[in-house]
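S.K.: If you scroll down you'll find the structure; I have some questions about it.
The values are calculated or read from the model by the stated rules, or taken from the named source; none is laboratory data. Just so it is clear, the structure is predicted and the values come from calculations on it, not from any experiment. Neighbour counts are summed over all protein chains in view; Cβ atoms, including those assigned to glycine, are modelled from backbone coordinates with ideal geometry. Heavy atoms of the whole protein, side chains included, go into the accessibility calculation; ligands, DNA and RNA do not. Shrake-Rupley method; radii C 1.70, N 1.55, O 1.52, S 1.80 Å.
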Amino acid sequence: MKNKLLLLQPLTILKNSTYIFIVNPVSGTGKQKGVEKYITEAAARHKTKATIEFTRYAGHASEIAKQAANNGIDVVGIVGGDGSVNEVGKSLLHTKTAMGIVPTGSGNGLARHLKIPLEIKDAVEQVFNGKRSAMDVGRIEDHVFLSTAGFGFDAHVAHLFAKEKKRGFNTYIKTVRRELFHFKPFVFSLKNENITEKAFMLSVANIPQFGNNFTINPNATESDGLLNCTLITPFPKYKIPGITSRFFRSSIHKSKHFAEWIGEEFELEIPHLYAHVDGEPVFVKKNKFWCTVDKACLDVIS
């Protein structure tokens, strides 16, 4: 697809901000179709200018965002899912360029948490008309996460889901249901707390949810300068419906299978190398590593 430049030069400039919208044309649900029209109309209403860029390969969104920040663009709007949001967000850390989100993915965790509309037209409008605020991000080795990172069942599912030909929430749920009866809990250590436990899920949360309002830790917030290391201990299979209900009712923290540690950094040791950041499968380089918070380093529009 060709890049399109919208240069609007009205008689009266209401705001001087410059915008680039990065569109992932193959994002999870296909809702991004027609987004060009909404961006064009919104830019005209706000009497400003915007550029639309389409990603062509993995990592392209990151490249475009970095160049935008270098060129002094005020706002980069990302039209895509959590993976694309991660790509853009990590490229704008410690810059003066803010990130706006037009959610078109399967889970849209950060967008949901920030109360960004899921309707494309409304989300585009919010990129132009929303409030700017700073948020924290988390780091694991050279991986950055805006929402959550995980090392247990969630990471196992993320790696399998990435191999599925068909994306979307239904495919994700099918993968979860299939693997629930095969995944084996593991022993991990939280070195700086002198804790060794058995885990079904082990996540580090910067916001409460993974996506689709599946809440791993209601206590997490993106602007407190802290991360929430979250443990779900193994549970008998007959508890699956109740545990699942708690995740979606934001009450998992009331379960006896829930534990958390809150801090600026955690030294973790796990028996495997697979993990996920913002739902995207990654591998850590070694079994023992630090997870740290980078405070107020990314400006977002919400």
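S.K.: Does residue 88 meet the test of being among the aliphatic types (A, V, I, L, M) and under 11 Å from the mean Cα position of the chain (by Cα)? Give the derivation first.
M.R.: Details: among the aliphatic types (A, V, I, L, M): yes; under 11 Å from the mean Cα position of the chain (by Cα): yes.
Yes: the conditions hold for residue 88.
S.K.: Now for a separate question. Name the single residue, out of those in region 96-108 being among the hydroxyl-bearing types (Ser, Thr, Tyr) and farther than 14 Å from residue 62 by Cα, that is surrounded by the fewest Cβ atoms within 10 Å (Cβ to Cβ).
M.R.: First, pick out the residues of region 96-108 that are among the hydroxyl-bearing types (Ser, Thr, Tyr): 97, 104, 106.
Then drop every residue that is not farther than 14 Å from residue 62 by Cα, which leaves 104, 106.
Numbers: 104: 26, 106: 22.
Selected residue: 106.
S.K.: Provide a single number: the residues in region 91-123 that are closer than 10 Å to residue 146 by Cβ and without any contact (Cβ under 8 Å) to a residue 60 or more places away in the chain.
M.R.: 0
S.K.: Scanning region 46-70 for residues that are open to solvent by 60 Å² or more (accessible area, probe 1.4 Å) and modelled with pLDDT under 95, which turns out nearest to residue 211 (Cα to Cα)?
M.R.: Here the answer is 58.
S.K.: For region 184-302, which strands (runs of 3 or more DSSP E) that fit wholly inside it have 3 or more residues that are in contact with a helix residue (DSSP H, G or I) (Cβ under 8 Å, 6 or more places away or on another chain) and in contact (Cβ under 8 Å) with a residue 12 or more places away in the chain?
M.R.: Hits in region 184-302: 209-211, 258-263, 265-269, 274-277, 288-301.
S.K.: Which condition from (1) closer than 24 Å to residue 157 by Cα; (2) of a type in the set (Ser, Thr, Tyr); (3) in a loop (DSSP other than H, G, I, E, B); (4) touching a residue at least 24 places away in the same chain (Cβ under 8 Å) is the one that residue 57 breaks?
M.R.: It fails just one condition, (4).
S.K.: Here is a further query. Which is hydrophobic (A, V, I, L, M, F, W, C), farther than 11 Å from residue 300 by Cα and open to solvent by 20 Å² or more (accessible area, probe 1.4 Å), of 169, 128?
M.R.: 169
Listed here are the residues, each with its yes/no results for (1) part of a strand (DSSP E or B); (2) surrounded by fewer than 24 Cβ atoms within 10 Å (Cβ to Cβ); (3) touching a helix residue (DSSP H, G or I) at 6+ places or on another chain (Cβ under 7 Å).
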site: 76; (1), (2), (3): yes, no, yes
site: 110; (1), (2), (3): no, no, yes
site: 136; (1), (2), (3): yes, yes, no
site: 160; (1), (2), (3): no, yes, yes
site: 163; (1), (2), (3): no, yes, no
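S.K.: Same structure again: Inside region 172-194, can you point out the residues that are out of contact with any strand residue (DSSP E or B) (no Cβ under 7 Å at 6 or more places or on another chain) and either open to solvent by 70 Å² or more (accessible area, probe 1.4 Å) or farther than 30 Å from residue 89 by Cα (or both)?
M.R.: Matches in region 172-194: 172, 174, 177, 178, 179, 180, 181, 182, 183, 184, 194.
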